[in-house]
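The values are calculated or read from the model by the stated rules, or taken from the named source; none is laboratory data. These numbers come from a predicted model, not from an experiment. Here the Cβ is made from the backbone with ideal geometry for all residues, glycine too, and neighbour counts use every protein chain on show. Calculation scope for accessible area: heavy atoms of the full protein, side chains included, ligands and nucleic acids excluded. Shrake-Rupley method; radii C 1.70, N 1.55, O 1.52, S 1.80 Å.
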Amino acid sequence: MVPTKQKPRCLLYQDDFFLEHRTGSHPECPQRLVAIQKALSQPIEGVEKRSAAEAVEKAGLLPEEVQILLNKVHESTYLHQLDQFAAHGGGRWDADTIVSPDSYAVAILAAATAMLATDQVLTTETKRAFCAIRPPGHHAVADTAMGFCLMNNIVTAARRAVEEHGLSRVLIVDWDVHHGNGTQDLVYEDEQIWFYSVHRHPFYPGTGHPEETGSGKGLGTICNVPLSVKTSRKEYLDTVSKTLGDFAEKCRPELVLISAGFDAHELDPIGSLGLKSEDFRSLTRLVCEIANSSAQGRTVSLLEGGYHLDALAESVKIHLEEFSSDSQFTN
């Protein structure tokens, strides 16, 4: 009797094409993904690796479909300008953000991967997915790139869940050391997409104050938790546990999305809030418990920041181990 192949508990999307967003000596560089790929070279129980480009093509997710959704997240004039800027060789979009000739196509694949991962956790038995994608996205606003980010992948995933799958409440959890200003801007008046951010403050980009809680129908759907650089690891984790738990109780999400930045690590050369790699296990467990409580465990995690290569790779591995562990799955 041939044994039945066990369904993966978690999908891991990665692709060498993400390396083609060439940024030179910039901290947001292809080597970030190379380090992650090396750390994940050995199998992790319950995790199935998939090529992002092949999976997108196999799923029949057409470029036109991706573009239509991106046009609902970003202004079409901006996307056209970005496309043309890349086509003409790229360069510095602003002081922080670099575009190379393939960057537009790479960013399209990153957004498509986020969409596909969302489709998978909402329509199959596999309820978790991690996307090792770049460029990151949570600073990108409707009409421009900023802060290393070209397109807002996490909002694209959330819009996919709402518009294609009919979800009423999606929760985005952003633990990147920088406030996800782009994400907040794009969902500030949205009653279906809730946004929680814990971040260093004062720090780039200067947003993310507690009084920023949404407006209109979205009033109360934003929760910002700014923390001082002097915050201890224990205080950080205790604060996140309390504030995120309370916020999730109000939201009762049907899907949880993670803007998984790892630049709050103590070794990070850009950010740092003094966290150690193992602390991302605690954060992952907390978010998974929330997803298990109201969202049938359905969680998609998208890579954002993290610029110390070894710390990033180790933290991502720990995140994925916890993300896919038996303890995170309810019967």
Of all accessible heavy-atom area on segment 23-126, the percent that carbon and sulfur account for (1.4 Å): 53 percent
Those aspartates and glutamates that a straight Cα-Cα span of less than 14 Å connects to Lys250, excepting residues fewer than 8 apart in one chain: Glu191
Helical segments meeting 27 Å axial Cα length and Kyte-Doolittle -0.5 threshold in the chain (DSSP H): 103-123
Convex hull of Cα atoms in the chain, direction-averaged projection (nm²): 16.0 nm²
Solvent-accessible area of Ser241 with every protein chain in place, 1.4 Å probe, in Å² to the nearest 10: 60 Å²
Cβ-defined net charge surrounding Pro269, 13 Å radius [Lys, Arg +1; Asp, Glu -1]: -4
Links that overshoot a 29 Å alpha carbon limit, given the list Lys7/Lys72; Lys127/Lys317; Lys127/Lys276; Lys242/Lys276; Lys49/Lys217; Lys58/Lys317: Lys7/Lys72; Lys49/Lys217
Most mobile listed residue (Gly24, Gly305, Gly182) in the chain, GNM with C-alpha springs under 10 Å: Gly24
Rg/Rg_ref, segment 13-166, where Rg_ref = 2.2 N^0.38 Å and atoms are Cα: 1.01
Heavy-atom accessible area per residue - the chain, 1.4 Å, Å²: 40 Å²
Stokes-Einstein D in µm²/s, Kirkwood radius over Cα pairs - segment 1-59 at 20 °C with 1.002 mPa s viscosity: 158 µm²/s
Carbon + sulfur, % of accessible area of segment 211-271 - ligands and nucleic acids excluded, 1.4 Å: 54 percent
In Hz, Karplus ³J(HN,Hα) per residue of segment 195-205 (6.51, -1.76, 1.60; θ = phi - 60°; x = Gly, Pro): 9, 10, 9, 10, 7, 6, 8, x, 5, 4, x
Dipole magnitude of the chain about its Cα centre (Cβ charges: Lys, Arg +1; Asp, Glu -1), debye to nearest 20: 700 debye
Cut-off 9 Å between beta-carbons: net charge of the residues surrounding Lys217, Lys and Arg +1, Asp and Glu -1: -3
Longest segment of the chain lacking GluC sites (Glu not before Pro) that sit in a DSSP loop with at most 15 other Cβ atoms within 10 Å: 212-265
Positive-end residue, the chain charge dipole about Cα centroid, Cβ charges, pick of Ser315, Cys223, Thr118: Ser315
Exposure of Trp194 as accessible area (Å², to 10), given a probe of 1.4 Å and all protein chains: 30 Å²
Residue among Phe130, Phe203, Phe195 with the largest mean-square fluctuation in a Gaussian network model of the chain, springs linking Cα atoms under 10 Å: Phe203
Mean ellipticity per residue at 222 nm, deg cm²/dmol - from DSSP H runs of n ≥ 4 across the chain, formula -39500 (n - 2.57): -12000 deg cm²/dmol
